[in-house]
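The values are calculated or read from the model by the stated rules, or taken from the named source; none is laboratory data. All values reported here derive from a predicted model rather than from experimental measurement. Cβ: placed from backbone, ideal geometry, glycine included. Neighbour counts: every protein chain shown.
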Amino acid sequence: MSVNEQATGVKKEPSALARLMIDLGPLVVFFAVNAWLGIFAGTAAFMVAITAAMLISMIKYRQISPLLWFSAVMVLVLGGLTLWLHDETFIKIKPTIYYLVVAALLGFGLATRRNLLKMVLGTAYPGLSERGWQLLSRNWAVFFAVMAGVNEAVWRHSSTEFWLGFKLWGFLPATFLFAIANVPMLMRHGLQLEKAEEEPPVPPSQ
């Protein structure tokens with residue numbers, strides 16, 4: 001942090017790469033350690049990595065995003081139960097709970113005319129109209145609800161190895177492709193990509 005930032009108290013916004021590393025870095029650690037040492041070691045590494053990500057975000061940028069807070073609580077609580085009870089079920093249901101809660105929050109925001117997605121990501125979508133925010137929130141709410149159902153179906157009816165592979169090669173690509181698919185709609189509703197410092201962010205997959 002620069003002297004000027006310390007004096008003014010202005011938060012430094014992370015770059016697109018920094019945000020991606022903070023949000024998805026712990027997940028990469030989870031997959032890597034799991035492939036080497038198994039799901040329980042991977043879970044422990046996940047807990048350490050997401051704690052480190054929060055500390056880096058706070059020290060370097062003086063902020064922790066709401067999604068990172070929520071994800072960290074989920075990882076530490078359900079990961080802790082996974083290790084304590086030596087039962088991998090808890091880490092497997094974490095994505096289901098995460099997706100359902102986020103979908104419910106977005107739906108609640110739309111129902112009460114308080115767009116929660118806009119409150120969290122507003123500066124990342126310059127020029128987007130209120131209608132655009134409503135459609136984006138609706139789309140992500142539906143997407144996360146579907147992802148929750150898919151996660152339940154996969155972990156309940158397949159091996160741990162298949163579930164992990166599906167998270168890596170199914171959930172992550174699906175999230176990025178869905179974000180890209182929304183761009184034409186966003187541009188029709190005022191999104192001005194040329195004024196943005198980066199492309200619209202992708203909510204982290206769990």
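Among the residues of segment 25-32, is any of a type in the set (Phe, Trp, Tyr), surrounded by 13 or more Cβ atoms within 10 Å (Cβ to Cβ) and modelled with pLDDT of 80 or more? For segment 25-32, residues of a type in the set (Phe, Trp, Tyr), surrounded by 13 or more Cβ atoms within 10 Å (Cβ to Cβ) and modelled with pLDDT of 80 or more: present. Is segment 46-69 home to any residue that is small (Gly, Ala, Ser), buried (at least 19 other Cβ atoms within 10 Å of the Cβ), farther than 25 Å from LEU121 by Cα and touching a helix residue (DSSP H, G or I) at 6+ places or on another chain (Cβ under 9 Å)? No, there is no match, as no residue in segment 46-69 is small (Gly, Ala, Ser), buried (at least 19 other Cβ atoms within 10 Å of the Cβ), farther than 25 Å from LEU121 by Cα and touching a helix residue (DSSP H, G or I) at 6+ places or on another chain (Cβ under 9 Å).
Name the single residue, out of those in segment 106-121 being of a type outside the set (Lys, Arg) and closer than 18 Å to GLN63 by Cβ, that is surrounded by the most Cβ atoms within 10 Å (Cβ to Cβ). Steps first, please.
First, the residues of segment 106-121 that are of a type outside the set (Lys, Arg): 106-112, 115-117, 119-121.
Right, trim to closer than 18 Å to GLN63 by Cβ and you get 116-117, 119-121.
Working: LEU116: 19, LEU117: 22, MET119: 11, VAL120: 15, LEU121: 20.
So the residue we want is LEU117.
The one condition from (1) of a type in the set (A, V, I, L, M); (2) under 22 Å from ALA181 (Cβ atoms); (3) touching a residue at least 60 places away in the same chain (Cβ under 8 Å) that LEU110 does not meet is (3).
Here is a list: ALA103, ALA124. Which entry is within 22 Å of LEU68 (Cα to Cα), in contact (Cβ under 8 Å) with a residue 12 or more places away in the chain, surrounded by fewer than 19 Cβ atoms within 10 Å (Cβ to Cβ) and out of contact with any Ser or Thr (no Cβ under 7 Å at 6 or more places or on another chain)?
On the way: ALA103 fails: surrounded by fewer than 19 Cβ atoms within 10 Å (Cβ to Cβ).
The match here is ALA124.
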